[in-house]
Structures are given as structure tokens and as C-alpha cells.
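Novice: I am attaching a structure below and will ask some questions about it afterwards.
The values are calculated or read from the model by the stated rules, or taken from the named source; none is laboratory data. Everything quoted here is computed from the prediction, not taken from an experiment. Note that we place each Cβ from the backbone using ideal geometry, even for glycine, and neighbour counts take in every protein chain shown.
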Amino acid sequence: MQKTLSSIQYCFIPPRAISVVLLGLAIFLCFTSWASAATLRWDANSESDLAGYILYYKTGVSGAPYDGSGLTQGNSGVQLPVENLLNPLEPEFTLSGFEPGQTYYFTVTAYDRAGNESGYSNEEKYDSPATGSFYSINATCSLNGSIAPSGVSVVSPGTAMEFQISPDPGFYVEDVTVDGVSVGPVSSYSFTNIDADHAIHARFASIPTMTIISTSAPNGTISPSGEVEATRGSNKTYTMSPNPGHHIVDILVDGVSVGVVGTYTFENITNPHSIHAVFGIDTFSVTSSFEGTGSISPSGTVALTRGSDQTYIMTADAGHHIADVLVDGAAVGAVSTYTFNNIAEPHAIHAVFAVDTFIVNAGAEGGGSISPSGAMELAHGGNQTYTIAADAGHHIVDVLVDGISVGAAGSYVLENITGPHTIHAVFAVNMFAVAAGSEGSGSISPSGSLQLEFGSTQTYTIAADTGHHIADVLVDGISVGAVGTYTFESIAVSHTIHAVFGIDTFSVTSSAEAGGTITPFGLQEVNYGSNQTYTITADAGHHIADVMVDGVSVGAVGSYTVRNITEPRTIHAMFAVDTFTVAASSEGSGTITPPGTLEPEFGSNQTYTITADTGHHVADVRVDGASVGAAGSYTFERISGSHTIHAVFAVDTFTISAGSEGNGTISPSGFVEVPYGSSQVFTISPDQGYTVDAVRVDGVPIGDAATYTFTDVTGDHQIHAQFVMEPRAPIADAGPDQTVNERTHVQLNASNSIDFDDGIERFRWEQVGGVPVEISSNGPNAPEAAFTAPDVGEDGESLVFRVTVTDYSGKTGTDECIVNVSLVNMPPLADAGETQTVAEGSLVALDGSESHDPDDGVSSYFWSQIEGVPVTLSNPNIENPTFLAPDVLSESVSLKFRLEVSDTGGLISRDVCTVNVSWENDPPQADAGEDLIVTGGMVVLDGSGSMDRDDGIAQYRWKQLTGPPVVLSDTTAAAPGFTAPVVEEDHTISFMLTVMDSAGLQDSDTCQVLISGSVPAPQETYEIIIDFTNKTGAWKKLGHSAEFDIGDSGQRIRVTSWGKDADIGNAEPMDVTVTNKKGLGVADGKAQSSIGTGGNKYTEWLIFELPDPGWNFRSIELANVQLERKIAGDIKKLGPVKIALYNPAPVAVVAGANSGVNTTIEIDPAYILENGNVVELMDYESSGNPGLLIGSSLWTVDGYAAPQPGFFVIGITVAKNP
């Protein structure tokens, strides 16, 4: 949708009011000089999908962006839906809260239901009065009601004002907003103590009717029943009545229980509802209880129907037994089961349980006792503690409980006694340990640990190895001296003895004279036979003169090792002073003082002075070959070696810094070194398409000179050149070619035109071909124009329109589009061929052979060059003209050619191709992205796949070729967006993307966007048949559940079966597959469900659960299904069965339970059909008499007479959600 807003015109309406009128969409602005409020009125937009308007404002200076804030109605961009306007045919809106003395600017846009927004209207200015002594209240409302008073009311500060809101018949107040904030659907509203401008708006809506669906289970009625329509806000009462002999079980309102009520009233109805009544047959209660430790099943109170039977099972807990059973207060003995037959009145049953007792025997052997001892009688589950004590000089060896050791425990507790036990304690005499050990070179005998009796004696001998001695003996950790023997007497506790041995040592003495050191120094104690190493180090400026060991010279060595020491030894070091030289030299114009070679003493200092001649400078000073910089003096301090010093001198130079900004160069550039008194010339050169803007020397502008010379240079300088782009003409885009029927309204749109410099100032449309038509425009600033297609003959007519765009510098650009007007004839499709890259001077062939016409064929071709260096075509009226590629410089050029083809009916189509004439540069590759299929909303084109292998993509340019005109968010972006229009039928929009690299080479690519119509897709229905049959052999173990695919979608159905409540292990597992039906693409197969052989009665039920979300079912129906039971080859019919389930939730679960003679499965009352039917089961069994049970939410299957394996055959139909 392309909305059009035209310019504002002024008119004066006294007193104290200004009007502003838009042509097509007009704003009328009125305000007072004494009230801070302004009302805008504008002409209504006539398009059918108009959704509303957006009001923008700002302060400060004129023009976008419109980012104002602070008004009562909100920040700029106030959205005004059509339904909120008082009169959509004459739209208006009042703003308030203007800041006194401020200038405001306004503009309006329109938007449609798809979210497309028009461009800005022209701008209107409003000067808010500097002061004010009154306030305004603007009252508005939507259609179908009124607000009184309405319009703008002027009030004095501090006063109050009330407004009445009244809906028309059949309507109600939907909402009231005050200053943009909802206050709810009130019928009146009062402003009190008014101290600011306000706005109040009322919105009305038609009173809807709501549907209430009432249903009931069998054995009762609900009144009224079925579907009832109730008006919004009304009340509706329902009455529930059970049949004789029945009662109300529950009432469900919207699926939620409200209890057992006879009537229910829906009050203030604002939403649809449902109500369902459930009835049940009257029952009698049987209450079971017990005392003691045990259980009775079933327990509590059970409601049973008349004539039924009920069996109770009494079970004593472990360690207990049944003492008695009382039925209706009378004892029936210690029975484990009891059955009430043919129940016709309430009953009570009570079980009494008692605890069991057991014998425990306790005894002991050896020196000790256990308490209590002997035999004891203890109750089941009780505890008993035993204490075990050893006699003096003895200890507990072990405690045995029921013949099993529990360790040498001093006490033991028998817990939770559940049978007879024995406990026995064993004792023995005490023993003591003596442990002997040693460290070092020697031995102790005996060694290790000995076990010795109380009161005994033990002697130990300690002996050191050769070259060692006894250092100490420790008894129980305490030293007894370096003794050779030790005796433990009258042993009464455990002991330890430990011998420590040490090695013999000798002394080595070291010394040194002045001028150095020896390490280690002085007297050293060393072990016998070991070595000792010494390090001899001379001080700075000294050297080792000699080393004497035991008075004998071993030379001037830096280290010496005294080996295999077996007696005292000596070592002595002697040192002497060093001497050095320093040599001074120079090169270039200058001197170093003192010159030549000196011989300073160690540790002395020597200073040198370096002096450059006039016009020169010290370039460098090198000490020992390493630079120390351009120093004027240098001092060798604390000389400790020979040195050299060398001075280097050089002539003085100055630096000129040359740089540039923008697209151009300065030569030479960077930092240029210039000798004193010389000259330097700089050349300033702009790139192609650019010019010199300014040249600055030492920060001072000198104009736009092409060269500049520094003469007689005596100091540093700077030169800087700045370049700017030469102004470029705008690029016009007349929009895509169109094909329309005669007498239709045609929209032209040049909104995608661009200017890369100062923007587009104005647009001008003109017709340059075809039958003349009258063009209407919204003014020179509007890119849109429109006309009505003329009547044409069977051959149709092609109209050619040109748009000229002018930027603010006066440069212009033009583009043309074709509107083919035809009754039935389809226009041709021009194809100018792919982008080519050719070498200069080569013969180039254009290719229009792919051009075609879908009906009456192409009748003529016409080629023209529209861009680039002019060339001559061999024949512009053939499919494949040729030309000679022009010579180019190092900069590549692109040539563009337009192919215009006409069909027999005179309709025209155009296409453009690019020929890149290049020397070295590779052209870019345009990629307009994949073709898209959308249904509306925001669409993003994707040209990000475009690439250039060398200098990169410098510019993107999108152009619409066909389809209804749309406005791109940015025609120069890689991925622009647009809002797809809402269409009833499929439409295809095509776009061309042209990319240009940094050298100006171009390439183009196209893409299409198919906009699907809004016709909904047909609903699909599938059928699934599941068979459950007997199968022999090895089945895959899946327990009582399995899964299987239901089609190519990969979704699955899970089948779960309830097993037998006792001895479930006898049931066979299931192997589940699906029979192929209606193209679901799955293999034929069967799902087996078998019945186990254990127990007297057995029934198995299957539960179906469909997955979420793709196959959530609405209903499952098992209709007219034959249930069969096979007993010894005899097939009995148990059907047909009809099961209909309605699923209001994502997943349906039907719970089942097995007990007693009958199998009962309870069905949730929520799972009913929409017509109110409940689950039904018809059992024909052997007698053929139907045992139909209707009128309850429970359904029952009689037990089978023989425990034979059987099978079910069930068909299920599943409808896929739309």
C-alpha cells in the first residue's frame, strides 16, 4: 500500500484561529492565543485497507527528524487507529500541553492494516502563546455513541467539569481514556481542580451474544439443554434433575466442578460457557476398620449398588496374627477373607490383630560374663540390650549372634526382634608387645616386635658399625644414654626401644690473602672419607696469583676439591691487582678531548668532551662499539676494564611534514628531510572525480594551489592538502514497468530515486510516449504521480513516462518506466543478456536472444546506450548487435545498454545489461539472493552474497522491475526491506540488484518475491488402522507400551496397555506397527496385545495417546468394532463396541483399573462428544442378550469364564488438526 500525502495550504479563520489544509490528506490546525491546545483536522484517506494515521511533531528547527516530546497525548508518533476517531470521514485530533512561547512543527502519515506507512505530509508550524490564564479539555468519541459536552471546552484554573458517556442502542462503552490513559468503561468522568489541559476519549462497541452449551449424562436432565445464546452482561439459570433412583454426581462449569448443585446461574455473562451434569445410581455404604497391626482391603467406606457383592481381605503385618473379625458387631472368627453377598443395606466389618513373641538365649565362656544371661521371651519388633564384661587380666575375644561374629563388642542390642535368637561371648588372657628398632649404621638384637607375657624379662644388645659410634638409646621415647645393653624387667605394659648411631668427622681449614675470597672459608667439619670442594674468586680488578693445599702450590685455579678426607687438611688462596687502557677517536667535523690512548687505574674515572664544528652536530657517540646517543660529554666511572670511545659528527637537516585528506595525493609525502638553506617543491594532485579544496602551509591557507616550493629552508615546516568530491548528479528511479487494464487507476512512484550528495529537492513527471493521459501529482516535492489508463484496442498501448529529479545543487537525473495498457495481450519480456567483462579494443556482441513474448511473439528489437563512453552499434534493431570496446586508461569503465522489445500488439518491455571494459580490475559478482514466497508482512531482500575479489563492493543499487510498486527501506543497502501488500491472488514482484566496486565496475542479478493470496489451504484428513492380533514366536520385549510412526512427518503414536493387577509378568509383550492407509507411507503390519494366563479373572485394556504438537487429536472414535475372544479355537463375539472420546486438551489419557470379579474403567466426564454422547460398551457375550450399561460415567465388562489367551481387533480413525 502506497499512501500519498500532499502539501499544506494556509487559510485564515478569525477570530484567533489558523487553518491548515492538505490536498488529498489535509490538516486543519486551530488554536487559541489563551489556551494551550490545538486541533488538527485532515481529509480522510479513501483506500479500503486504511488502518489509521500517525501524528508527528517537534520543536526547534523545521524538518525531520520529528522527535518531539512532552505533550499531554504522548511523545511524537501518536498512533490514531481509525476506530478511535470521532468521525473517520472527517478525522481530527486535539493536542494539548504545549510549552508557552515555543514553536512546534507538525506532519501526518497514514498506515494500512499490513503496517505499511506513507511518507511525511508537508509541515505545519504553530507558535504556542507565551502566557495563558485558561485550560482546554478536548472531548471526543468513536462512532455508535456520544460524549457530552463534546469538542474543546475552555475552563478556568481550579474549576471542575463532568462528562457523560452514552452508547447508542445495541452498543456499550468499551473503554474511556483520559490523557491517553484508560479509566475503564465508565459512564461519566469528572475533572476536578483543573490545572492543565486534558483530553478525554470514549470508545464504543456492539453488544455481542455469547453461546452457552448445556449437556448431561444419562439418568437425568438439564434445562434448558443444548446451545443457548445470551447477551453480554445478562444472567442465565440452569436446573439439573436426576431420574428416580438416581442422584446428581457432579456439575461441571467450563470443565471445572462446582459440586452437587440443583441449579446454577451464569451471572454478568461476558464469555462463552459450557455446563454439564453427571448423574449416578443410588448406592449403600460398607465401612471397614481394624485395630492392632494389620490391614483390611478395601478399607474405609465403599459405596456399592444394590444386589452387588463385596469381598474383604484381612492381612496381619509381619510378626502379628489375626485375633478376631467382627461383622456388624458379631464375631465370625479369625478369618482372612469375608464376602458380603447381595448387599441391600449398610454394613460394617472390623478386624482385630495381635503381636507374636520369640525366645532369645544368652551365654559366655572363658574369663568374663554376659548380662542378662539365660533364656528370655521377647515381643515381635522389640529391642534387647546385652552387656559383655571381661575378668581382670583378660579381654573379650569375640561375640557371636545367631552363630555369626559381631566382633569383640562390650555391648550389643537386638533390634526389631522378628524371630528366635542366640548371643554368646568368648574371653582370653592379655599379652604385651615390645618393639625394637634402630637408625644409622649399627644394630640392636633382638630386633622387631616381640609378644611377651605379663611379668617376663627381655635384654637388648646395641652395636655400632666400623667407623661409627652409638649416639643414643631411647626407651619408650626417653633417652637412657649411649649404652651397649638394656634390660626390660617385670613387663606389665607394652614398650619400645630405639638405638641411634653416628659417623666420625675431621676438620679442613681454608684461608685467603687480600684481593679475593675462598668459599667455604675457615674451619669445616666433614665426614670420614668424604670430599670438600672450594671456590676461589678474585675481587674486581684482581686475579688469582696461586693456591696452596697443605702448603704445596696447585696453581692459579678457580676451584679445588680435597678428596677422601681421613685427617685434618689446609687450603690457602693468593691474589694480585689488574691494569687497563682507554682509546679515544672521532670522525667528521668535530673533536673529542682528551684524544688518543690513556692508561687509567682500576676503579678510577675518566671524562671525555665531544664538540661539533659550526653547522654540524654530534650524530652519535659509541662506547666499546655501542651507541650512547649524541652526547656532548661521557665519563667512564670506576674503570674495571679496557674501553674505546668514538665520536661521529654530521651536517644539520630540517623536516617538512607533508600530508593530505580525501581522494588525492601530495608528492613527496610524509616526513621529508631537507638540508639547511636548500629548497623543496611539493605537487598536489586530486584523484579523478575530485578537486583540491584547500592547501595549508604551517597551518595557514594558501588557496587551492597545484604546487608549492619551500626556499632557503632554515627550520621545520608542515604542508597539508584537502580534497573534496566533485558534485554528482542524482539517480532517478521511475519504478518498475507495469501491465494494467484500461480504465484502471495507475500509480507511478519514484521514491527509490537517490542522491549521494545533498539530497533530492524536487520531482517532475512527464509522458514521453503513447496515447496522452492526464497525470496528477501531489506537488513538486512528491515522488508519486497517478493517472487513469485510457481505452485501448485489442493490440493494446504502451505508455512511456519519464521522471526528472533535481538535487539541491541543481543537477538532474532522469529515468523512464513503461505502463502497458492491454485487454488480453501480455507484454513481451526483454532480456539484454548477462553482464560481460571485455578487454579494450575487443569486438563485443550484445545478446537479446533470450527475450520472448508469451502470446503473440517479439516483433522488433531496439538497442540504445544509456551510460558510459559512447560506442557505435553495428545494428541497433537486431537481436545481437556488436561494437568495438573503447580504449580505457588504468581506470576501468562500465557501459550500459538498454534493450527495448515490442510484440505484435505494440506492447514494450525493457532490460539493461552492463559491459565492463577493464584493463586489470575484476568486476564484482551480484547476488540478489534466493527467490522468496511470502504471505505478507515485512520482507527482507538479501544481496549480502554479492562479492568482489579485488577492491570490494563500493555500492549497492536495488530497482523494482515488475509487480505492484513497493517502497524499499534503503535502495543502497545490501539487505533492504519492504512491507508486502495484502493480496487476494498470488502476485510476483521482481527486483534487480546492481553492485559496483571501487573502480566503478558493475554487475546485476535479479530475484523474485511471490506474494501468496489469503485463500486458506484445504484441510487434510488421514486414516490410520491399527490391528491387535495374536502372534507366536519371539516378540520384541516392550513391556506394556510401544511406539510406532504415523507417517513421513516422523511423529509417533504411543500405545499403552494396562496389565493384570496380580501376576502381571505372565502377560505377553507387544510388538507394534501400523497398517498402511491413504498414502501415509508406512509398511503393513500389526500391533499385538495378548492376555496372560495367570489368575482366575483377567481383562486388558489399551490406551491410545497421540503426540504433541503435530498430531494433537480432536476426537477418537472406535465405532461398530467387533471384539472377539478366542477360547480353544472357539471365537466368541464380544462386540460391537462404540467408543467416542472428545479431547479438549493436547493429550487424552483414559485411566483403567482392575479388581475383583469385574473390570471397571473410569472415563473422565470431560472426554465426551460435542453432541453430548458418553462412552458406550455393548456386550453380547454367549447369550446374545445386550448387557448395555448407559447413564453413568463408568462402563463395565463382565469377567471371562476361562483364563485363555485372547486378542482384540480394533480400528481407529485419526483426523489431523487443521
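Novice: Do the conditions hold for D927, that is, is it in a loop (DSSP other than H, G, I, E, B), modelled with pLDDT of 85 or more and more than 24 Å from N820 (Cβ to Cβ)?
Specialist: Against the criterion (in a loop (DSSP other than H, G, I, E, B), modelled with pLDDT of 85 or more and more than 24 Å from N820 (Cβ to Cβ)), D927 qualifies.
Novice: Here is a follow-up. Of the conditions (1) acidic (D, E); (2) under 30 Å from E92 (Cα atoms); (3) surrounded by 14 or more Cβ atoms within 10 Å (Cβ to Cβ), D195 satisfies every one except a single condition; which number is it?
Specialist: Only one criterion is unmet by D195, namely (3).
Novice: When region 742-795 is examined, which residues are found to be closer than 19 Å to I908 by Cβ and within 47 Å of the chain's Cα centre (by Cα)?
Specialist: V746, L748
Novice: Being touching a strand residue (DSSP E or B) at 6+ places or on another chain (Cβ under 9 Å), in a strand (DSSP E or B), closer than 30 Å to H380 by Cα and not acidic (D, E), is that true of even one residue in region 299-311?
Specialist: yes
Novice: Among the listed residues G641, G629, identify the single one that is out of contact with any strand residue (DSSP E or B) (no Cβ under 8 Å at 6 or more places or on another chain) and either in a loop (DSSP other than H, G, I, E, B) or not small (G, A, S) (or both).
Specialist: After ruling out the rest, the residue left standing is G641.
Novice: Filter region 871-922 for residues that are among the aromatic types (F, W, Y) and part of a strand (DSSP E or B); which is farthest from L843 (Cα to Cα)?
Specialist: Restricting to residues being among the aromatic types (F, W, Y) and part of a strand (DSSP E or B), the top hit is F897.
Novice: For A318, only one of the following conditions fails: (1) under 60 Å from the mean Cα position of the chain (by Cα); (2) in a strand (DSSP E or B); (3) not polar (S, T, N, Q). What is its number?
Specialist: (2)
Novice: So G151 fits all but one of (1) touching a residue at least 40 places away in the same chain (Cβ under 8 Å); (2) over 30 Å from K236 (Cβ atoms); what number is the exception?
Specialist: (1)
Novice: Let me ask something else about it. If I ask for residues that are within 16 Å of D317 (Cα to Cα) and of a type in the set (A, V, I, L, M, F, W, C), which ones from region 331-357 would you list?
Specialist: A334, V335, A351, V352, F353, A354, V355, listed by residue number.
Novice: Another question, then. Does region 40-65 hold any residues that are within 16 Å of Y105 (Cα to Cα), among the hydroxyl-bearing types (S, T, Y) and crowded, with 20+ Cβ neighbours inside 10 Å, and which are they?
Specialist: Within region 40-65, Y56, Y57 meet the criteria.
Novice: Which members of region 644-669 meet the condition of being under 24 Å from H617 (Cα atoms) and either out of contact with any Lys or Arg (no Cβ under 9 Å at 6 or more places or on another chain) or not in a strand (DSSP E or B) (or both)?
Specialist: F649, A650, V651, D652, T653, F654, T655, I656, S657
Novice: How about region 768-803: which of its residues are in a strand (DSSP E or B), surrounded by 18 or more Cβ atoms within 10 Å (Cβ to Cβ) and of a type outside the set (A, V, I, L, M, F, W, C)?
Specialist: The answer is S777, E784, E797, S798.
Novice: Let me ask another. Could you tell me whether any residue of region 893-908 is among the hydrophobic types (A, V, I, L, M, F, W, C), more than 28 Å from E794 (Cα to Cα) and surrounded by fewer than 20 Cβ atoms within 10 Å (Cβ to Cβ)?
Specialist: The answer is no, given that none of the residues of region 893-908 is among the hydrophobic types (A, V, I, L, M, F, W, C), more than 28 Å from E794 (Cα to Cα) and surrounded by fewer than 20 Cβ atoms within 10 Å (Cβ to Cβ).
Novice: Right, A499: assigned to a strand (DSSP E or B) and among the aliphatic types (A, V, I, L, M) or not?
Specialist: yes
Novice: Evaluate region 478-496: report whether one residue or more is free of Cβ contacts under 8 Å to residues at least 12 places away in the same chain, assigned by TED's automatic domain parsing to the domain that holds T459, part of a strand (DSSP E or B) and of a type outside the set (A, V, I, L, M, F, W, C).
Specialist: yes
Novice: Within region 146-165, which residues are of a type in the set (A, V, I, L, M) and part of a strand (DSSP E or B)?
Specialist: Matches in region 146-165: I147, A148, V152, V154, V155, M161, I165.
Novice: Look at region 742-767 and say how many of its residues are at positive phi and either of a type outside the set (D, E, K, R) or surrounded by 15 or more Cβ atoms within 10 Å (Cβ to Cβ) (or both).
Specialist: So the answer is 1.
Novice: A further question on this structure: Restricting the search to region 850-901, which residues are small (G, A, S) and under 25 Å from N820 (Cα atoms)?
Specialist: Within region 850-901, S851, G857, S859, S860, S864 qualify.
Novice: Please go through region 269-289 and give me each residue that is touching a residue at least 60 places away in the same chain (Cβ under 8 Å), within 30 Å of M314 (Cβ to Cβ) and not in a strand (DSSP E or B), ordered by number.
Specialist: Matches in region 269-289: none.
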